[in-house]
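S.K.: I have a structure I would like to understand better, so I am pasting it below and will then ask my questions one at a time.
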Protein chains: 2
Amino acid sequence: CHHICKLPGRVMGIRLLHFSSVVIFVLLLVAGALMALLPNIKDDKMPNLRREPKSQSQSALDSFTLVMQTYNRTDLLLKLLNHYQAIPHLHKVVVVWNNVGEKTPEEMWNSLGPHPVPVVFKVQIVNRMRNRLQIFPELETKAVLMMDDDTLISAYDLAFAFSVWQQFPDQIVGFVPRKHVSTSSGIYSYGSFELQTPGFGNGDQYSMVLIGAAFFHSGYLELFQKQPDAVHTLIDETQNCDDIVMNFLVAKHTGKPSGVFVKPVDIRNLEKETNSGYSGMWHRAEHLLQRSYCLNKLVNIYNSMPLKYSNIMISQFGFPNYANHKNKM
Amino acid sequence: CHHICKLPGRVMGIRLLHFSSVVIFVLLLVAGALMALLPNIKDDKMPNLRREPKSQSQSALDSFTLVMQTYNRTDLLLKLLNHYQAIPHLHKVVVVWNNVGEKTPEEMWNSLGPHPVPVVFKVQIVNRMRNRLQIFPELETKAVLMMDDDTLISAYDLAFAFSVWQQFPDQIVGFVPRKHVSTSSGIYSYGSFELQTPGFGNGDQYSMVLIGAAFFHSGYLELFQKQPDAVHTLIDETQNCDDIVMNFLVAKHTGKPSGVFVKPVDIRNLEKETNSGYSGMWHRAEHLLQRSYCLNKLVNIYNSMPLKYSNIMISQFGFPNYANHKNKM
């Protein structure tokens, strides 16, 4: 009996041991796999675990490129980059680095990554106002958002204005309206709401939307490059008026008012917040006179005044106040 | 000699007499003509002397026809006619007289002439909401301004909105925005700003502009007449929803939001000022529920929901406040 009796016991014992080993082995495998999936927590750094960057896959029609030229206000630039990098529908940022001979903050930028969108620093060899109107190869979208390096506009305003641009893609859709006036001598003058619009009935009119806070079609950059040398020379001589030129181009091209004005809810000028002491070109004594000068020079070069007036002011229905359209009836 | 001498003298005398007669006759003619041109001053009446009516020569593109349907509020109608008859760019007024069996105020109207524009009273044989959407032969302009008979909008608002319509001629450009909302059950509901817009980010949206205070292209009247009987029946059954139908038509036709909302500066409801005691259809208990009902009925008839949302709100730049666009920067 003990011959037969001993056999099954030993077999079962071995089988049990076998089974247990397999179970333990599988459990170890599972535990190992789980540990591999856990994030690596290293000090205060963000986990390496990240979703695939959405911005690269955004359609060229549904997103825009921010082009921001900067000179002598890197502290403002960096403040603004932190803000603008998170705007919905932003595809990429192109910083036009007019600080000739100075290193860009690219290294610092990268060390503070990751960032929501790519930012490229385009180093310029001369400090020119019209550097920002070059056709950058990094620009992949149809829409350009051009911003001055001292202007902060809320994400709400930008998201809305982008949606408006998509409805008026051949015009400059932006936040800063200006106008030209014609005088009895036939000489044009440049100004804002303090100038009376000659002969236009009620209210005011604008004939330009400044490109330092505006969306426009990237095709207009190509059109700009094709303009007569005299136009580029005018901008270089004055270090001014590139936006007046762009408005001339758009008006000539479309036969419509060059711009569509979107009234901003929250727009701020950060000039006073810079440590550089530099306060922007528009503070120069001759700035406005130059712009009037440019108007007449351009009319001369193009042999026409293509700018057209508009009095359309666009706001966002029901924002920020959900009943901002109500009237007492 | 006296033979020869007398001849010339007599001839000259006769010629002189002849000449004088002619001169006097001509002078009398001139005097008569001048007197005919002088105004007839009779008591306190306006001079009969009038310039050729400008409105008749206004181009069909530069002017609009006011179509105002009226029921049981003739006192308001007459108040409003005095106001609207003087609106710039108005070509003619068509009053749709829904007071079946009652004489129009045409006689009184004529006795209080002259008027800036022609006003025609179209007598209706049944009191129907959709009477105002007929193709009146008197309608010569491309643009229709449709107004309810209790709504007073300032001339400034209308002149501006007309200029906006000229820039968006295939849409309903008006002062009263509404929306539809989609619910989880798939049933639509009708409302205004008190309803939350499902899933649209910031602010509100509108998907209809009511035709009781709006400009639209007269071609849409023809399109309306061509709609399925079920649509006309729906309007007749509810005595409501003609404007919802028009918004459906425009949205289907253009593939765009049916309306463009212009924020009115001065819009007033004169309902409370009528002596008739009649206070308008929208006070009926079932009015809003009917409109939700119409939405779903129309989606059923057309087998689609063509209405599109928009959040564009248009105001007049620099009016009434010449700096109404300023922000502190």
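The values are calculated or read from the model by the stated rules, or taken from the named source; none is laboratory data. On a predicted model such as this, the values are computed, not experimentally measured, just so you know. No Cβ is skipped: glycine too gets one built from the backbone with ideal geometry, and neighbour counts run over all protein chains shown.
S.K.: Between a residue in the stretch B:23-36 that is in a helix (DSSP H, G or I) and any residue that is among the aliphatic types (A, V, I, L, M) and modelled with pLDDT of 65 or more, which pairs come within a Cβ distance under 8 Å, given they are 6 or more apart or on different chains?
M.R.: Within 8 Å, no pair qualifies.
S.K.: When you check residue B:259 against the structure, is it small (Gly, Ala, Ser) and under 23 Å from residue B:193 (Cα atoms), yes or no?
M.R.: yes
S.K.: Condition check: closer than 18 Å to residue B:246 by Cβ, small (Gly, Ala, Ser) and either away from chain A (no Cβ under 14 Å) or buried (at least 18 other Cβ atoms within 10 Å of the Cβ) (or both). Does residue B:60 satisfy that?
M.R.: Answer is no for this residue.
S.K.: Applying the selection to the stretch B:262-277, what residues are more than 30 Å from residue B:310 (Cβ to Cβ) and touching a helix residue (DSSP H, G or I) at 6+ places or on another chain (Cβ under 9 Å)?
M.R.: If the condition is that a residue be more than 30 Å from residue B:310 (Cβ to Cβ) and touching a helix residue (DSSP H, G or I) at 6+ places or on another chain (Cβ under 9 Å), then B:273, B:274, B:275, B:276 are the ones that fit.
S.K.: Same structure, new question: Let me spell it out: the conditions are (1) among the charged types (D, E, K, R); (2) within 20 Å of the chain's Cα centre (by Cα); (3) buried (at least 17 other Cβ atoms within 10 Å of the Cβ), and residue B:268 meets all of them except one. Which number is the exception?
M.R.: (3) is the only condition that residue B:268 fails.
S.K.: Considering each of B:193, B:215 in turn, give the residue that is under 12 Å from residue A:318 (Cα atoms), out of contact with any Pro (no Cβ under 6 Å at 6 or more places or on another chain) and of a type in the set (Phe, Trp, Tyr).
M.R.: Only one candidate passes the filter, namely B:193.
S.K.: Another one. Considering only the stretch A:242-262, how many residues are buried (at least 21 other Cβ atoms within 10 Å of the Cβ) and either within 14 Å of chain B (Cβ to nearest Cβ) or in contact (Cβ under 8 Å) with a residue 60 or more places away in the chain (or both)?
M.R.: Counting residues in the stretch A:242-262 that are buried (at least 21 other Cβ atoms within 10 Å of the Cβ) and either within 14 Å of chain B (Cβ to nearest Cβ) or in contact (Cβ under 8 Å) with a residue 60 or more places away in the chain (or both) gives 10.
S.K.: Inside the stretch B:146-175, can you point out the residues that are free of Cβ contacts under 8 Å to residues at least 60 places away in the same chain and within 11 Å of chain A (Cβ to nearest Cβ)?
M.R.: B:163, B:167 - these are the residues of the stretch B:146-175 that are free of Cβ contacts under 8 Å to residues at least 60 places away in the same chain and within 11 Å of chain A (Cβ to nearest Cβ).
S.K.: Right, another one. Looking at A:297, A:328 in this structure, which one is at pLDDT 90 or above and more than 25 Å from the chain's Cα centre (by Cα)?
M.R.: A:297
S.K.: Restricting the search to the stretch A:193-212, which residues are at the interface with chain B (Cβ under 10 Å from one of its Cβ atoms) and part of a strand (DSSP E or B)?
M.R.: Within the stretch A:193-212, A:206 is the sole residue that qualifies.
S.K.: Might you let me know whether the stretch B:310-317 holds any residue that is touching a Pro at 6+ places or on another chain (Cβ under 6 Å) and within 14 Å of chain A (Cβ to nearest Cβ)?
M.R.: yes
S.K.: Another question, then. What number of residues in the stretch B:239-283 are polar (S, T, N, Q) and modelled with pLDDT under 90?
M.R.: Residues that pass the stated criteria total 4.
S.K.: Ok, one more. Among the residues of the stretch B:310-319, is there at least one that is over 30 Å from residue A:194 (Cβ atoms), modelled with pLDDT of 95 or more and surrounded by 14 or more Cβ atoms within 10 Å (Cβ to Cβ)?
M.R.: yes
S.K.: OK, next. Filter the stretch A:282-303 for residues that are out of contact with any helix residue (DSSP H, G or I) (no Cβ under 8 Å at 6 or more places or on another chain) and either facing another protein chain (nearest Cβ under 7 Å) or among the polar types (S, T, N, Q) (or both) and give the result.
M.R.: A:292, A:296, A:300, A:303
S.K.: Is it the case, given these coordinates, that residue B:183 is in contact (Cβ under 8 Å) with a residue 60 or more places away in the chain and among the hydroxyl-bearing types (Ser, Thr, Tyr)?
M.R.: Taking the combined requirement at face value, the residue does not satisfy it.
S.K.: Determine whether residue B:125 is surrounded by 19 or more Cβ atoms within 10 Å (Cβ to Cβ), of a type in the set (Val, Ile, Thr) and at pLDDT 95 or above.
M.R.: For residue B:125, the condition - surrounded by 19 or more Cβ atoms within 10 Å (Cβ to Cβ), of a type in the set (Val, Ile, Thr) and at pLDDT 95 or above - is not met.
S.K.: Another question about this same structure. Quick one: residue A:180 ticks every box in (1) touching a helix residue (DSSP H, G or I) at 6+ places or on another chain (Cβ under 6 Å); (2) within 14 Å of chain B (Cβ to nearest Cβ) except a single one, so which number is it?
M.R.: (2)
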